[in-house]
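Just so you know, all these numbers are worked out from the coordinates, no wet-lab data involved. Remember, predicted model here, so these are calculated numbers, not experimental data. Ideal geometry is used to build each Cβ from the backbone, glycine not excepted, and the neighbour counts take in all protein chains shown.
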Amino acid sequence: MPNTEAAKRQWLNEFQTNLPHFAQTLNLDPTEVQEIDAELTTAIQNIDSVYTKNVELDSTVETRNEHREIFFPILSEFIRRAKTSRNYTKSLGELMSIEVAVSVRQPKSTADSSKLTVKINAFVQKVEFKFKRPTGHHVKIFSRRADETEFKLLEAISGTVYKDIRTNLNQSAAERREYYFVLVKNDVESDRTFTHAVAVLN
């Protein structure tokens with residue numbers, strides 16, 4: 001069987017063209033020959049279909065790239081001007097993915113059972129935390145938001161899930177919140193996470 005699709009098509013086409021003479025000479029079953037002929041037609045059509053779609057895809061990719069070259073600079077300028085608005089906040093920028101959120105170092109996921117790890121999911125008007133902690137420990141959740149300068153103890157839990165469902169201050173459309181978590185046993189701190197920044201939509 002030829003290696004390239006073009007060569008396969010040529011071979012299949014030649015085989016189909018010469019099939020009637022081939023079948024008659026060898027006195028083959030006409031029904032089986034007819035079935036083979038139909039499958040040959042399908043195989044050739046499939047090759048032609050893929051070729052046509054590849055040509056269309058190449059054209060579509062070229063059109064996409066040409067549009068990006070023109071549109072992306074326009075979009076960048078639009079975003080730059082939007083960020084100069086008096087109502088613009090970093091939290092809104094993070095929600096639109098035009099601001100880089102604060103880089104947060106996550107505790108390493110290791111076999112060390114004395115460490116605390118947390119998974120954070122932000123929703124509309126809610127932030128959900130799922131903790132992995134050693135047995136016998138509880139977690140203190142500290143938070144500050146918007147223009148607050150100090151972290152405050154939000155909750156101390158002994159479970160593994162907590163939901164912060166506070167409404168945004170001043171009913172703002174988006175609010176930046178920061179959290180860190182402390183692992184405690186017998187009133188002794190054993191582990192503390194880095195600060196996690198979250199944007200909450202109202």
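Remarks
- Mean Cβ neighbour count within 10 Å, used as a protection proxy, ranking 56-65, 15-24 highest first: 15-24, 56-65
- The calculated P(r) of the range 1-157, using every Cα pair and 5 Å bins from 0, goes 1, 6, 8, 9, 8, 7, 6, 5, 6, 6, 7, 7, 6, 6, 5, 3, 2, 1, 0 in percent.
- For the range 142-182: rounded, prolate or oblate by the Cα gyration tensor [a/c cutoff 1.5]: oblate
- A helix-only calculation puts the chain at -14500 deg cm²/dmol for mean residue ellipticity at 222 nm, using -39500 (n - 2.57) for each DSSP H run of at least four residues, averaged over all residues.
- Principal-axis tilt of helix 5-26 within the chain, Cα atoms, nearest 10 degrees: 40
- Placing +1 on each Lys and Arg Cβ and -1 on each Asp and Glu Cβ, with no other charges, gives the range 101-201 a dipole about its Cα centre of roughly 320 debye.
- Net dipole in debye of the chain [+1 Lys, Arg Cβ; -1 Asp, Glu Cβ; about Cα centre; nearest 20]: 2060
- Using alpha-carbon coordinates, inclination of helix 30-82 to the longest axis of the chain, degrees: 40
- Calculated on alpha-carbon atoms, Rg and Dmax of the range 5-81 in Å: 23.7, 80
- Between 50, 20, 63, the Cα set farthest toward the positive side of the dipole of the range 5-81 (charges on each charged residue's Cβ, about the Cα centre) is that of 63.
- Computed over the range 101-201, the percent of Cα pairs more than 22 Å apart is 28.
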